[in-house]
Amino acid sequence: MTVRTRYAPSPTGSLHIGNVRTGLFAYLFARRERGAFILRIDDTDRERSTKESLDEILESLRWLGMEWDEGPPDAQYFQSNRLERHRELALKLVREGKAYPCDCTAQELDAKRKQAEREHRKPGYDGKCRDRDVPAGVALPDKRAGRDYSIRFRQPRGGETVIDDLVKGRTVFDNRELDDLIIVRSDGSPVYNFASVVDDADFAITHIVRGDDHLPNTPRQIQMFLALGFEPPAFAHLPQVMGSDGAKLSKRHGATSVFAYRDAGYYPQALLNFLARLGWSHGDQEIFSKQEMIEYFGFDACGKSPGTFNAEKLEWLNFHYLKARSPAQLARDVLPFIERKGYQPPTDMAWLERMVETLRERAKTLVELVEFAQFYLSDQISIDSKAAAKFLKPEIAAPMSALASELESPVGGFSETSVQAAFERVLARFNLKLGQLAQPVRVALTGGTVSPGIYEVIAVLGRERTMDRLRAALSRIDGAAAAS
């Protein structure tokens, strides 16, 4: 048997983190088994499906490196293009007595549901239309032709439906507890649960990987596979992804779409690694290459409890991948984020490489790296008032002025080594410790009290920009002294 898994997102919004994890597990399993990973677009919700969402889904998967073997742009992998096939098989079930027309109105069904709730019974269709004779030549619903009814699947009343789930283990459903599900609405459109079964059968899907919120649908779908004459696939139902508060992951827990994390400056390798570890493990290993994920993945190592979305863990992983980039790679990575922030993108890539080298041990994302680089990328720095009051005092004016003179024409060119030598001469001359001079200089050059090493900062800023900022700080000190 050739393993064939599928991922079937709906193009009604962004690709959700919790949802794409199920696609990742289907992808990893297919790759490990040297099978096929199929991308199907479940776009039967015509009102909410958009081309923008579809484009975002496809681009998100490409960005993550989850390439598909079959799928878009081939039209047959769009569920909306398979409507006639769904209708054909629904009619086949009716003609074989495995499905039947139901003319119960929405008002009737709602009344029955409320009655069941009052009597503390499980709500479900009572089978009113189940045993009626189906006339020869019955057709599918069409209100315009006077066929105002839906089609229900005739669920077996006896026996059990057994699911040997690859994650949750054996689950047994009593068929008497399963009511007759509508498979074609009164407007003639097949419902998702039936259309999905037909598509999975036609595309020869062998393993279905999805969230365990779909588990209640599974026994009905298995019976549909059997009624249509198809071998049901194997199922792997994954526990949900939860927020740190124990609630189901949602927008209130932060960014939840793939694009949101891409735009926040995360690496696809970090997000892929993070998603893989949400409910799957391989010993104590935390960091995996894509090939390692494929090699080690198995449903037997998937947890039965919900995975917890830990934003700090994702940041830690991204920090690992960011640090692993070469200066040249990191410089190229950060350029789009510099432009998006509105800064003039540097044209000197060698300078940009030196800049990112000073920040790579501090930034956890590319967006954060740009935030830390503000004093490098713009000369419109804003000096923190508290920092200025604490460090830009009259007594530091003379040492800072002496340092400016030393840096005007540094011995040996403008480098970290020459900057350090200039500092050492001034420190010796004024009998100061490094912090007593470095911190006021840091405030003057960066606007704050936290930055990379002061020698690195000055070397990257360069002589002209350093001198301009030191002079501005000295003028500020003089002005404050005069005002007092």
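The values are calculated or read from the model by the stated rules, or taken from the named source; none is laboratory data. Here the structure is a predicted model, which is why all the values come from computation and not from measurement. Ideal geometry is used to build each Cβ from the backbone, glycine not excepted, and the neighbour counts take in all protein chains shown. Side chains are part of the model used for accessible areas, which takes the heavy atoms of the whole protein and leaves out ligands, DNA and RNA. Shrake-Rupley method; radii C 1.70, N 1.55, O 1.52, S 1.80 Å.
List of remarks:
- The residues on offer are 305, 326, and the sole one that is on the phi < 0 side of the Ramachandran plot, among the small types (Gly, Ala, Ser), in contact (Cβ under 8 Å) with a residue 60 or more places away in the chain and surrounded by fewer than 16 Cβ atoms within 10 Å (Cβ to Cβ) is 305.
- Number of residues in the stretch 167-189 that are outside any loop (DSSP other than H, G, I, E, B) and open to solvent by 10 Å² or more (accessible area, probe 1.4 Å): the value is 9.
- Number of residues in the stretch 28-75 that are over 15 Å from residue 7 (Cβ atoms) and among the β-branched types (Val, Ile, Thr): the value is 2.
- The residues of the stretch 45-72 that are touching a strand residue (DSSP E or B) at 6+ places or on another chain (Cβ under 6 Å) and among the charged types (D, E, K, R), listed by number, are 69, 70.
- Residue in the stretch 397-407 that is more than 19 Å from residue 439 (Cβ to Cβ), without any contact (Cβ under 8 Å) to a residue 40 or more places away in the chain and either in contact with a Leu (Cβ under 7 Å, 6 or more places away or on another chain) or open to solvent by 70 Å² or more (accessible area, probe 1.4 Å) (or both) present: yes
- Checked against (1) surrounded by fewer than 20 Cβ atoms within 10 Å (Cβ to Cβ); (2) without any contact (Cβ under 8 Å) to a residue 40 or more places away in the chain, residue 422 meets all criteria but (1).
- Considering the stretch 372-484, the qualifying helices (runs of 4 or more DSSP H), each wholly inside and each with 2 or more residues that are among the aliphatic types (A, V, I, L, M), run over 385-391, 397-408, 416-430, 434-446, 454-461, 463-483.
- On the stretch given as the stretch 357-371, residues that are under 11 Å from residue 330 (Cα atoms) and assigned to a helix (DSSP H, G or I) total 4.
- Residue 445 vs. criteria free of Cβ contacts under 8 Å to residues at least 60 places away in the same chain, under 14 Å from residue 391 (Cα atoms) and buried (at least 20 other Cβ atoms within 10 Å of the Cβ): no
- Candidates are the residues of the stretch 246-292 that are on the phi > 0 side of the Ramachandran plot and surrounded by fewer than 17 Cβ atoms within 10 Å (Cβ to Cβ); the one that is modelled with the highest pLDDT is 283.
- For the stretch 74-109, the tally of residues that are under 38 Å from the mean Cα position of the chain (by Cα), surrounded by fewer than 17 Cβ atoms within 10 Å (Cβ to Cβ) and either more than 30 Å from residue 41 (Cα to Cα) or not polar (S, T, N, Q) (or both) stands at 6.
- Filtered by the rule that a residue be in contact with a helix residue (DSSP H, G or I) (Cβ under 8 Å, 6 or more places away or on another chain), of a type in the set (Gly, Ala, Ser) and farther than 19 Å from residue 220 by Cα, the stretch 93-140 gives a lone residue, 139.
- Residues of the stretch 170-206 classified as out of contact with any helix residue (DSSP H, G or I) (no Cβ under 9 Å at 6 or more places or on another chain), in contact (Cβ under 8 Å) with a residue 60 or more places away in the chain and under 29 Å from residue 306 (Cβ atoms), total: 1
- Residue in the stretch 355-396 that is least open to solvent (accessible area, probe 1.4 Å), counting only those that are among the polar types (S, T, N, Q) and in contact with a Gly (Cβ under 6 Å, 6 or more places away or on another chain): 365
- Identity of the residue in the stretch 56-73, open to solvent by 70 Å² or more (accessible area, probe 1.4 Å) and of a type in the set (D, E, K, R), that ends up farthest from the chain's Cα centre (by Cα): 69
- Test for residue 133: is it of a type in the set (Asp, Glu) and in contact with an Asp or Glu (Cβ under 8 Å, 6 or more places away or on another chain): no
- Candidate set: the stretch 139-166, residues that are of a type in the set (A, V, I, L, M) and not in a strand (DSSP E or B); chosen: the one least open to solvent (accessible area, probe 1.4 Å): 140
- Residue satisfying all of: in the stretch 1-31; of a type in the set (D, E, K, R) and either outside any helix (DSSP H, G or I) or touching a Ser or Thr at 6+ places or on another chain (Cβ under 7 Å) (or both); nearest to residue 210 (Cα to Cα) among these: 6
- Within the stretch 425-442, being open to solvent by 70 Å² or more (accessible area, probe 1.4 Å) and either within 21 Å of residue 471 (Cβ to Cβ) or in contact with a helix residue (DSSP H, G or I) (Cβ under 9 Å, 6 or more places away or on another chain) (or both) holds for 425, 429, 433, 434, 436.
- Scanning the stretch 308-323 for residues that are farther than 25 Å from residue 248 by Cα and either open to solvent by less than 30 Å² (accessible area, probe 1.4 Å) or not in a helix (DSSP H, G or I) (or both) turns up just one, 322.
- Subset of the stretch 17-41 [open to solvent by 10 Å² or more (accessible area, probe 1.4 Å) and over 17 Å from residue 62 (Cβ atoms)]: 18, 22, 29, 32, 33, 34, 35, 36
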